[in-house]
Amino acid sequence: MAKTMKAAIVDKPNVITIKQVAVPEIADNEVLIKVKYTGICGTDWSIYTGKYSADKLPLIAGHEFSGVIAQVGKAARGLKEGDRVTADINMACGTCYYCRRGQKLMCRDFHQLGIHVDGTYAEYVKAPYDQVHILPDGLSFMAGAFIEPVSCVIHSSKAAKVTHGSSVAVIGSGLGVLHGLLARLRGAAPVIVIGDNEKRLAIAKEFGVDVTINIKDGKDPVAEVKKLTGGRGADFVVEAVGTPATYEQAFRMVRPGGTLAAFGICAGDDTITVKPFDLVLGEMTVVGSCAGVGPDWPDAMALIAAGHIKPESMFSMVVPLEELESALKELRSNPDLIKVFVSADISKREILAK
Ligand SMILES: [Zn+2]
Ligand SMILES: [Zn+2]
């Protein structure tokens with residue numbers, strides 16, 4: 001067993017250094033995982049630029065991952081060396097007011113792997129054994145590194161409780177395309193996805209979405225959605241962008257008595273203008289969802305393993321660990337890149353989708 005490993009460390013805002021560091025030492029209730037792939041997430045950009053987790057630096061970021069168990073702690077149950085795995089990144093105290101009520105994500109001692117504690121932009125990562133999920137046979141390591149984002153979308157979809165035959169409008173064509181797909185899987189009709197990138201909207205179509213709206217065509221998305229829903233607005237609206245302007249749009253896009261699922265993450269001090277009048281007389285439901293947790297993980301794995309979610313068309317490329325910093329920047333400047341993975345096992349980038 002190697003004593004040191006290669007890791008990409010966010011030393012301070014806007015500085016990532018590749019270093020040899022000690023391989024994490026596991027406690028009895030933990031396992032050590034040799035990382036295969038890590039998907040780059042918007043949160044990684046926020047950590048890199050110091051907008052998020054600045055008090056945790058230096059930090060090894062990276063949380064959407066898959067790998068192979070390299071070492072098992074004495075108290076770890078149901079897992080063995082060589083298991084192909086991923087891990088639920090959401091860790092909580094287990095004993096506080098929120099944890100005791102099953103609201104782990106609200107725990108005051110909440111911390112996430114790769115966001116608050118060292119993650120997977122490295123050769124190895126450690127995780128508590130009860131957070132670890134074995135990948136079903138036939139689920140690739142790359143898809144395994146995509147379970148985290150799918151679990152987040154599933155968490156939101158469960159919270160919104162979309163029903164058969166109801167109209168769903170999704171604002172956003174990043175994870176928004178997956179929201180569109182899950183709405184289809186729940187029997188919604190029509191499903192509308194609104195975005196600003198033809199390539200991403202084409203993937204939404206491939207996922208079975210009924211209508212896509214490209215805002216670059218200059219059309220008002222609220223008016224378009226109303227046109228498609230008898231002038232009422234959609235039964236369900238998902239905000240999956242995370243800007244005040246798109247949230248205000250989402251509130252105007254929901255029909256009276258409808259549901260708004262808040263998914264996109266705004267800046268901490270962003271505010272929006274909403275008319276309380278519309279909330280009361282319109283009996284609107286607003287559901288927030290912050291992450292995929294607990295059963296959302298096996299649910300995500302089941303949908304991918306059975307082929308109901310085929311995320312591969314969202315996979316753009318794999319880059320070596322050394323190119324993490326440049327890939328973070330490329331993702332900001334090239335909207336045609338969707339999911340980019342990082343691997344410590346390769347020395348040259350591999351392009352996956354045209
Ligand atoms: Zn993520
Ligand atoms: Zn707690």
Shape verdict for region 206-354, please, from the Cα gyration tensor: rounded (a/c under 1.5), prolate (a/b greater than b/c) or oblate. prolate
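Students often check this: by mean Cβ neighbours within 10 Å, which of 14-27, 151-164 ranks highest, and how do the rest follow?
Values: 14-27: 15.1, 151-164: 21.0.
The densest-packed peptide leads the list: 151-164, 14-27.
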Net charge near residue 247, counting Lys/Arg +1 and Asp/Glu -1 over other residues with Cβ under 9 Å of its Cβ? -3
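Evaluate the charge dipole of the chain about its Cα centre and quote only its size in Debye, nearest 20, assuming +1 on the Cβ of each Lys and Arg and -1 on the Cβ of each Asp and Glu. Don't skip to the end; give the middle numbers.
Details: 39 positive and 40 negative charges, 82 e Å.
Here the size comes out at about 400 debye.
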Honestly region 216-266 on the Cα gyration tensor test (a ≥ b ≥ c root eigenvalues; a/c under 1.5 rounded, otherwise a/b vs b/c for prolate or oblate) is just oblate
Which whole-number percent is the relative contact order of the chain (Cα, under 8 Å, 6+ apart)? 16
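If Lys and Arg each add +1 and Asp and Glu each add -1, what is the summed charge of the other residues whose beta carbon sits under 11 Å from the beta carbon of residue 274?
Details: positive: 252, 275; negative: 248, 278.
It works out to a net charge of 0.
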Please list the non-local residues whose amide H lies under 5 Å from the amide H of residue 119, H modeled 1.01 Å from N, same-chain partners needing a gap of 5 or more. 60, 61, 114
Given the peptides 173-179, 227-233, 274-280, arrange them by the average over their residues of other C-beta atoms within 10 Å, most packed first. 173-179, 227-233, 274-280
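What does the C-alpha gyration tensor say about the overall shape of region 64-166? Classify as rounded when a/c is under 1.5, otherwise prolate if a/b is larger than b/c, or oblate.
Details: a/c = 1.93, a/b = 1.22, b/c = 1.57.
Taking the square roots of the gyration eigenvalues as a ≥ b ≥ c, region 64-166 is oblate.
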Restricting to DSSP loop positions (anything but H, G, I, E, B) with no more than 11 other Cβ atoms inside 10 Å of their own Cβ, which trypsin sites (Lys or Arg not before Pro) remain in region 70-155? 74, 77, 80, 101, 108
Here the net charge surrounding residue 165, from other residues whose Cβ is less than 15 Å away from its Cβ (Lys, Arg +1; Asp, Glu -1), is +3
If amide hydrogens are placed 1.01 Å from N in the peptide plane, which non-local residues have theirs closer than 5 Å to the one on residue 258? 285
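No value in this document is a laboratory result; all are computed from the given coordinates. This one's a predicted model, so the numbers in the text were calculated from it and none came from an experiment. Cβ coordinates were reconstructed from backbone atoms using ideal geometry, including for glycine residues, and neighbour counts include every protein chain displayed.
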